[in-house]
Amino acid sequence: MAWLQQTMEHGRPVCAAAGYGRAIVDDAAWIAVAQQLASGQGSMLGLWGDGECVHLCVLQEPLIGILTHACPSRRFPAIGGLYPPALRLERAIHDLYGLEPVASPDRRAWLDHGRWGVHQPLGRNQAAAADGAPYAFHAAEGPPMHLIPVGPVHAGIIEPGHFRFTANGETIVRLEQRLGYVHKGIERIMRGATLEAAARVAGRVSGDSTVAYALAFARAVEAALGVMAPPRADWLRAVMAELERIANHLGDIGAICNDAAFALIHAHCGVLREEVLRAAETCFGHRLMMDRIVPGGISADLQPHAADALHTLIDSIGQRFPELVELYDRTASLQDRTVATGILKPALVRHYGAGGFVGRASGRAFDARKAPGYPPYADLTFDVPVREQGDVDARVWIRIEELRQSLSLLAQLLAQLPRGVVRLPPLPLARHGAEGLAVVEGFRGDILAWVRLNGDGTVAHSHLRDPSWFQWPLLEAAIEGNIVADFPLCNKSFNCSYSGHDL
Amino acid sequence: MRTLLLKSLLQAPLTEPAPTADDAELDRLAQSLRSAGHRRLGRSLAIREVDAGSCNGCELEIHALNNAFYDLERFGLRFVASPRHADVLLVTGPVTKNMREALERTWAATPDPKWVVAAGDCARGCGVFAGSYACVGSVAAVIPVDVAIAGCPPTPTALLKGLLALLECSDRSRA
């Protein structure tokens, strides 16, 4: 029997909603779970605070379970020492909820930069100074070393974060990230919000994944309410999700080539991306398809002539994209920059449970559309590309191959689109305390959404975990030994979300 | 590559005609610029983009300004890598408390005369993040704003209109 199932059965069951369970466990079981994760038996899907509890969501394929540690003394045993992927999440829990990870090897604040004017905003919420707390970066010392601090305001049109490089000449010896600059307090904004308002916020956790976030949130709410979106809504949600994936992959492929000073592919990808966004506008009335997915379905059916616009788009990209792929593949100066640059080892990817192109370029095949799976993907044919090299080139190729798959998915979706309504009549009121979990595959990787609802139909608690939580730390590993000038290339090939991570 | 370049040479440009500057914005701006006595910089403005807390939706559309359809540089507008090279700060996001100082320092590092464009509903009025313990509020709550562009996110056309209003105004204010 799977160890996760045994642990769940030994704990005190709280909830057995469709598809997953939650159980309260004690200190010993909590540590035992971390040991299992550290030994490679399963991966962590999330770790978050909730009042005086911490929840640990674990995947031991095919099972997903949530283990809860109650913290009446506002403390819980830290697992970050045993299992480093938990480190930043534990630091975030301490910053937001004031629950202390006991014996954590890293006690520095993470999201709290000492600027909020409050401590533990979702815990005791005490007034505090707002003049900024100093941050102790890790040292890398010795005569030839020099420091290169970068950010939070970067040179490009990108999000803010601080990178501190220690370099030996041109070679990066250590990269340390400091994030949290775009922390917007999303979990507290969600508290007490109506489902409608909360869905709008969920769609703005990371704007590039607005469809995926809105979908994850909607599915979590639907799981909590025990309802299912109408079939046509499921299919149209998938159309939006695949359009979002195609648009982002085009943007990324172009931007990676641009960071290798090859502007031609960037220019052409920019044109294709714009065509995708215009098709999205034609079909759904918004270029990024914000606020189109809502709990219970989608906010509006396809606009007239939308299917024509999508067929034209599929043909157009299908015709022009292969030329760009060939150009990428045949340009030696470009390959010279991407091949064998920023190699991420498969063992690290498995350990961190990293998803998306970061995981799949280093041998981890996880794709939430396949397993745990959600409609309508079981009715569609597609492959999940996987490579082993783990370099920038492999991350480009995963995007290329996923884009091809998404084009095929779009064609299949349009060919078999069911008829019917696209939104449930008014949603039922929740049973007080009803919970729901959803895992959705965004372009960047798997997004986890967990909600607990109040009886009056508002959100009691919501946690949205971005795939970047398990990808950012790996960028620190992948960049080691590379030259400083290759950092933009490596960073772009990861394309982690700052906003999604900082919440 | 040669065939791709040749095709691009032979086909008609994708670039679309410029939208007209946002009129309401133009009038309001003209006044504020004259009263401030700003010197004209010519029809060429260097823009430094600052994400002060955005969800990155605005950044996607700002990126799109550089694509062949909108081709921002034909207007003499271009993005630069440092505030020290900039005439305009294009700021997005509800300003988070963790980004406030960085935004203030970026503004201080930008040489005079300078303009600030607040792009997007969050930058204009904090958007869905209003009231959060972690956000200061709109950009205007932190640094003086000359133009605000609505939208969540604003479309590239809306961004272009706002930026063109700024250009037109710097023309008028010299006249």
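When ranked by the protection proxy of mean other Cβ atoms within 10 Å per residue, highest first, what sequence do the peptides A:478-486, B:104-112 form?
Values: A:478-486: 17.2, B:104-112: 14.6.
Most protected by this proxy first, the peptides run A:478-486, B:104-112.
Note on chain A: dipole from Cβ charges, positive end direction compared against A:33, A:84, A:148; the farthest Cα belongs to A:33. Normalised by 2.2 N^0.38 Å, where N counts its residues, the alpha-carbon radius of gyration of segment B:63-175 equals 1.07.
Which shape class, rounded, prolate or oblate, goes with segment A:421-503 when its Cα gyration tensor gives a ≥ b ≥ c as root eigenvalues, a/c under 1.5 marks rounded, and past that a/b bigger than b/c marks prolate? Write out the running numbers ahead of the final one.
On the way: a/c = 4.44, a/b = 2.86, b/c = 1.55.
Prolate, because a/c is 1.5 or more and a/b exceeds b/c.
Distant-in-sequence amide contacts of residue A:71, defined by a placed amide H-H separation under 5 Å and a gap of 5 or more residues or a different chain, comprise A:53, A:54.
How much length is gained if the chain between residue A:35 and residue A:73 is pulled fully straight, taking 0.36 nm per residue apart and subtracting their Cα-Cα distance, in nm to one decimal? It would help to have the intermediate numbers written out before the result.
Details: separation 38, 0.36 × 38 = 13.68 nm, distance 2.36 nm.
Computed gain between residue A:35 and residue A:73 is 11.3 nm.
Sequence-ordered 3J(HN,Hα) estimates for segment A:108-114 from the Karplus curve with 6.51, -1.76 and 1.60 and θ = phi - 60° stand at 6, 5, 10, 8, 7, 8, x Hz, glycine and proline given as x.
Of the trypsin sites (Lys or Arg not before Pro) in segment A:36-99, the ones in a loop by DSSP (not H, G, I, E or B) with at most 14 other beta carbons within 10 Å are A:74.
Apply the a/c threshold of 1.5 to the C-alpha gyration tensor of the protein assembly as shown and tell me whether it is rounded, prolate or oblate.
Working: a/c = 1.38, a/b = 1.26, b/c = 1.09.
Taking the square roots of the gyration eigenvalues as a ≥ b ≥ c, the protein assembly as shown is rounded.
Amide H to amide H distances under 5 Å link residue A:15 with A:22, where only residues 5 or more positions off or on other chains count and H is placed in the peptide plane. Taking other C-beta atoms within 10 angstrom as a stand-in for reagent exposure, A:345, B:97 fall in the order A:345, B:97, fewest first. Evaluating 6.51 cos²θ - 1.76 cosθ + 1.60 at θ = phi - 60° for every residue in segment A:366-378, the Karplus couplings come out as 3, 9, 4, 5, 8, 8, x, x, 7, x, x, 5, 5 Hz, glycine and proline recorded as x. The alpha carbon gyration tensor of segment A:121-169 gives principal lengths a ≥ b ≥ c with a/c of 1.5 or higher and a/b no greater than b/c, which makes the shape oblate.
What order do you get for B:133, A:213, A:352 when you list them from fewest to most C-beta neighbours inside 10 Å? Write down the numbers at each step before the final one.
On the way: B:133 16, A:213 28, A:352 24.
Fewest-to-most Cβ neighbours within 10 Å comes out as B:133, A:352, A:213.
Residues whose amide H falls under 5 Å from that of residue A:193, counting only those 5 or more places apart or on a different chain, are A:459, with hydrogens built in the peptide plane.
With R₀ fixed at 41 Å, the C-beta to C-beta distance from residue B:112 to residue A:432 puts the FRET efficiency at about 0.10. Using the Karplus relation 6.51 cos²θ - 1.76 cosθ + 1.60 with θ = phi - 60°, the per-residue 3J(HN,Hα) values for segment A:192-206 come to x, 6, 5, 4, 5, 5, 5, 5, 5, 5, 4, x, 10, 6, 9 Hz, with x marking Gly and Pro. In this structure, the pairs whose alpha-carbon distance is over 27 Å, taken from B:7/B:161; A:345/A:492; B:97/B:161; A:492/B:161, are B:7/B:161; B:97/B:161; A:492/B:161. Modelled spin labels at residue B:9 and residue A:419, positioned 7 Å past Cα toward Cβ, are 5.4 nm from each other. Short-range pairs are left out: with C-alpha atoms under 8 Å and at least six residues apart, the relative contact order of chain A is 17 percent. Modelled this way, with points 7 Å down the Cα-to-C-beta line, the labels at residue A:26 and residue A:128 are 3.3 nm from one another.
Coordinate-derived values only; no laboratory data. Worth saying up front: this structure is predicted, and the values here are computed from it rather than measured. Positions of Cβ are backbone-derived with ideal geometry, glycine not excepted, and every protein chain shown enters the neighbour counts.
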